[in-house]
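**Student:** Below: one structure in structure tokens.
Readers should treat all values here as calculations from the given coordinates under stated rules, not as data from a laboratory. Worth saying up front: this structure is predicted, and the values here are computed from it rather than measured. Heads up, the Cβs are rebuilt from the backbone with ideal geometry, glycines too, and the neighbour counts pull from every protein chain shown.
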Amino acid sequence: MTILKAVQSGLEKSLGTENAKAVNFYIDPRIAAKDPGAYSASLQRMFGPGYESIITRINHEVCSLLSMEAKPFTNFAECIQAAKQRYLVRD
């Protein structure tokens, strides 16, 4: 499982498959791994205050699918950095 697939899974579980596809049309999902701060900011602009529940679900999926310890990250970028470290260790 890659970080991108884990992020996509979290987005789909938050919004449903079709809505996640629509979000991906406007926000390139590859940004999530390359610049998680920009990805999070884009979701915030799109969803307003509701984005927090989406980010929380994505963080949960990233931890779960990449076999990471589930812990409360202070922000999306911190979660992705931990996932990158975990992903590098796994390979």
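**Student:** Calculated FRET efficiency, Lys71 and Tyr26, Cβ-Cβ r, R0 22 Å, to nearest 0.05?
**Tutor:** 0.15
**Student:** Compute the projected area of the convex hull of the Cα atoms of the chain, averaged over all viewing directions, and report it in nm² to one decimal place.
**Tutor:** Across all orientations, the chain yields a mean hull projection of 5.1 nm².
**Student:** A follow-up question, please. Which residue, Ser14, Ser53, Leu88, has the largest displacement toward the positive end of the dipole of the chain when charges sit on each Cβ (Lys, Arg +1; Asp, Glu -1)?
**Tutor:** The listed residue farthest towards the positive side: Leu88.
**Student:** What lysines sit close enough to Lys13 to cross-link, taking a C-alpha to C-alpha distance under 20 Å and skipping anything fewer than 8 places away on the same chain?
**Tutor:** Lys5, Lys21, Lys71
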